[in-house]
Structures are given as C-alpha cells and as structure tokens.
Amino acid sequence: MDDLVAEFLSYKQLQGLEDSSIKRLMDTLSNFADFIGISFPITSITSKHINGKNSYVEYCLTKKKPMSKASVNLELRNIKTFLKWCVDFDHTIKIPKIVMVKVIKKKPKYLTEKEICSILELDGLSPKWKRIFCFYMGTGVRRKEPFFGHMEGSWLVIPEEGTKVKKEKEVYLTPDLVQIWEEMMEMKSDWKSRGYKLYNLFGKITKKFKWVIREAGIDDKHHLHNTRHTFAVRRYLQTGNIYLVKNELGN
C-alpha cells in the first residue's frame, strides 16, 4: 500500500493539486494505513474495514483525540478518491461501498449588516483594508483567487490554476470593485518585489481579518471565508435564486 500511496500522491501533484490538499491526502492515507496495516493488500479492502464495527470510522470517532464527524467525512472522501484512482489504474477491481457519517447541516456563518458596519467604522483599520474586505464580501471570491486573475472588460477572469475546483471562473466587477482589485494587484507586486512568498500575503489577509473581528467585538467564530458566505446570503436575498448564487460562487 505504501508504494501505491506514493504513486497516487505523485499523480495528484502532476495534476496541479495544491500542496495543502496533497498534505491532507497524505495525512488521511497515512492514518488509514496505520489502522489497516501498511502491508494490507488493496484488493482485500472491503466496506467492513471502512464502516461498521471496529472499522476506520469507529476508530476515528472513538480514539483518544476523536475527530469531528465532518472531519471523518473528509477522511472518507479522500480514501474514496484514492481507491477510485486504484481502480482507474488497475490496482484493484472495484471501490467498496463507503457510507458518509450523518452530520447535522449547520447554517452558513455570515456577517450581518450591523457587523459589517462595525468593521467599516473601526478607527484602527485603514481605508485600504476596509476596501479589501468589502471586495471579498462584494464578490464571494476565495482568499487567493483575485491575485491570480486578470481583467477582460468588466470581468475578472480567474484561470483554473487559481481556483480551488480547478475550473476557470469569471466574476463581474463594478467600477469601484475594479479599482479595489487594482489596488490588491499593487499590493501583490509590492509584496513580491520585497522577496516575500505570495502564500504569506494570503496568511496576512487572514490574520488581519481575524484581528478586525476581535477589534469590532464580533463573535470570534468568524473567519475570512465567512465573507464568501456573506456574499452568498446577500445575493440569495436579492435574487431568490439559489442556482444563480451557486454559479456566481463558482462551486
């Protein structure tokens, strides 16, 4: 199994999967291999090893530091992806049935109008950062996406390598949002000219937003990704069309 996992991860890297996703896959398969045995043949893996009594799912939920049900489902999706690859490349015949753990669906975490106003009224937050956070709330883009895009007319075109789902997306920008995007591109150029890694700029944006949340006295549960949820909720209230919102998010 060890050699197959290494071959699978190399394949995923060649496909352009992000390093963070590669690491998550590696962690999952390492955990699963430790549970089932590194020399256990792929062809002998059945549903009983994954679901049911004394299975991997039970192990994840009952170990000393148990995983959340959502985390277990992520593990299961990663295992399924690996086993599908094994089938596609003739390392096994079929994928055993994998049953997801039932999770109560939580409501999306979004910023209310009052919370947004409290952010924009912060004296300690520069106008530049206020504009950047408004950009995220006004477009629903993921953290890194605007930094990989280019403008075509009024549309921000984000190539597949700059998106999580590896699919090109287009985001309409108003003239005000275009100006903010240009300001973000200046930030990117300045950051790179100083020899810093772009990934660290993304981290700075995340940390800055977390600082803003705390300074504004907003529930600490919020993260930068919640600006995406905020966009989705506001657009749904405007349009009443969940499919339109889904397409605009680029899911």
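Observations on the structure shown:
- Residues of region 46-65 satisfying the condition of being touching a helix residue (DSSP H, G or I) at 6+ places or on another chain (Cβ under 7 Å) and either open to solvent by less than 20 Å² (accessible area, probe 1.4 Å) or part of a helix (DSSP H, G or I) (or both): 49, 50, 55, 56, 57, 59, 60, 61
- When the residues of region 192-206 are filtered to those that are without any contact (Cβ under 8 Å) to a residue 40 or more places away in the chain and of a type in the set (S, T, N, Q), the one that is surrounded by the fewest Cβ atoms within 10 Å (Cβ to Cβ) is 193.
- Only listed residue being open to solvent by less than 60 Å² (accessible area, probe 1.4 Å), under 19 Å from residue 96 (Cα atoms) and either within 19 Å of the chain's Cα centre (by Cα) or of a type in the set (Asp, Glu) (or both), chosen from 78, 31: 78
- Among residues of region 117-162, those that are closer than 21 Å to residue 191 by Cβ and either among the basic types (Lys, Arg) or open to solvent by less than 40 Å² (accessible area, probe 1.4 Å) (or both), counted: 22
- Taking region 235-251 as the range and being without any contact (Cβ under 8 Å) to a residue 24 or more places away in the chain and open to solvent by 30 Å² or more (accessible area, probe 1.4 Å) as the test, the residues that pass are 236, 237, 238, 239, 240, 241, 242, 243, 244, 246, 247.
The values are calculated or read from the model by the stated rules, or taken from the named source; none is laboratory data. Since we're looking at a predicted model, the values are computed, not measured. When we count neighbours, we look across all protein chains shown, and the Cβ atoms used for this are built from the backbone with ideal geometry, even at glycine. The protein model used for the area step is the full one, side chains on, heavy atoms only, and it has no ligands, DNA or RNA in it. Shrake-Rupley method; radii C 1.70, N 1.55, O 1.52, S 1.80 Å.
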